[in-house]
Amino acid sequence: MNKTAIIIQKKLDELIQKGSATVMLTGGRSAAQLYTEWKKHPNFKKIINTTFYFGDERCVPTDHPESNYGMIMQTLLKDGLPNNCKIHRMQAEKQDVEKFAKEYEVLLPNSIDIMLLGIGEDGHIASLFPNSPQLHEQKRLCLPIIGPKPPCKRLTVTPPVIKSAQTTYILALGREKQKIVEQVKQQPADINRLPVQMVENPIWCYN
């Protein structure tokens, strides 16, 4: 089983034993691989009192191949939500994305217990891309954004949400992703060039 899936489930088990947990999910190919393996963990079906959120979403219908929600429902939650759990998806397919972004902000907790982030080969996380003005957002928690890669229209959480997370796992599966990780670790912090550098003390996940 995927080592990352085991680590995340163990952390989630600890939180649930104390009462409840919040988990922010991510999209992308690395995440799809993780979710397929995580679903196989014997404790996954035993999850209770957990609320799932999304770090970003493409402005496409839920049955579109690029939908993060669609991917998660086909992998991690293929058999449905575990008992007594909730999921708050980003309804990015709605026409008024600004209105929904403000509605999603209200749903977000003060701090996410477990945040999952993929990392792009350009160093982006969620849908916060290099040189994006949203990298310097300090008040809003969720914003529409036009990204450099299709589907360009997206919704994303902002730096305040990412920085306030209790534990952040960054998925860096594959040789190309590990190259960017080396840059992140070796080069001076510059979130405009490498947005992932805004994450303090991440747990890097390579398999």
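Below are the figures for this structure:
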| read-out | value |
| --- | --- |
| Lone unmet requirement of (1) closer than 20 Å to ALA92 by Cα; (2) without any contact (Cβ under 8 Å) to a residue 60 or more places away in the chain; (3) not in a helix (DSSP H, G or I) for THR156 | (2) |
| Subset of segment 108-134 [surrounded by fewer than 18 Cβ atoms within 10 Å (Cβ to Cβ) and closer than 19 Å to ALA165 by Cα] | PRO109, ASN110, SER111 |
| Inter-residue pairs, beta-carbon under 9 Å, first without any contact (Cβ under 8 Å) to a residue 12 or more places away in the chain and surrounded by fewer than 18 Cβ atoms within 10 Å (Cβ to Cβ) and in segment 12-28, second small (Gly, Ala, Ser) and outside any loop (DSSP other than H, G, I, E, B), 6+ apart | GLU14/ALA21 |
| Subset tally (residues that are touching a Gly at 6+ places or on another chain (Cβ under 6 Å) and either open to solvent by 30 Å² or more (accessible area, probe 1.4 Å) or in a helix (DSSP H, G or I) (or both)) for segment 160-194 | 1 |
| Tally of residues being open to solvent by less than 60 Å² (accessible area, probe 1.4 Å) and among the acidic types (Asp, Glu) across segment 53-107 | 3 |
| Failed item in (1) within 23 Å of ARG29 (Cβ to Cβ); (2) under 16 Å from the mean Cα position of the chain (by Cα), with GLN91 passing the rest | (1) |
| Contacts under 8 angstrom Cβ, first residue in segment 39-51 being farther than 7 Å from CYS85 by Cα, partner in a helix (DSSP H, G or I) and among the aromatic types (Phe, Trp, Tyr), 6 or more apart | PHE44/TRP38 |
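The values are calculated or read from the model by the stated rules, or taken from the named source; none is laboratory data. All values derive from a computational prediction rather than experimental measurement. So basically every Cβ, Gly included, is an ideal-geometry build from the backbone, and we count neighbours across all protein chains shown. Note: areas computed on protein heavy atoms with side chains; ligands, DNA, RNA excluded. Shrake-Rupley method; radii C 1.70, N 1.55, O 1.52, S 1.80 Å.
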